[in-house]
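In what follows, a single structure is set out as structure tokens and then discussed.
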Amino acid sequence: MPRVLAIAAVDATIYGWAPGDWFPEHATGVLGVPIEVGLGVPLFSNATGVLPLVEVLSDKGLPMGTVLAFTMSVVALSIPEMILLRRVLKPELIATYVGVVASGILLTGFAFNLILQQHTNAITPKPTGVGPWTSRSSAPDASTVRTSRP
């Protein structure tokens, strides 16, 4: 029980210490996925409990693959989870579990970021004239439009 309380103290420190704009500034790019996986390890939650935090991180602008990797690390690699597994598994098997799961989480996060980035770039419309994606200032004004009537 004292270990779980220590982990809860670490969680409270992380929540109170990190400013709101730290995550979008530092946890994007190539190192974003490993940083988020590392930040998810000391947290202790289930998939439902981490959803409010996932929503905030997504709203702050983190890529979806990075947010997904964070969610999976909170659920599968948390320190309290390892403490519970220690009661039934040998340390060598726990190390293997952590290595395999962490590799899978990192690979999934990078793959989702890559796929979603390519998908977003492929479907983003390129403004080529007047349309719903252009601003009103670029649309022709009714007073400047020529008509073909004599």
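Worth a mention:
- Residues 54, 74, 30, sorted so that the one with the fewest Cβ neighbours within 10 Å comes first: 30, 54, 74
- Each of 66, 28 has some number of other Cβ atoms within 10 Å of its Cβ, and from fewest to most they run 28, 66.
- 77, 53, 43 arranged by Cβ crowding within 10 Å, fewest neighbours leading: 53, 77, 43
No lab work stands behind these numbers, since they all come straight from the coordinates. What you see is a predicted model, and the numbers here were worked out from it, not measured in a lab. Cβ: placed from backbone, ideal geometry, glycine included. Neighbour counts: every protein chain shown.
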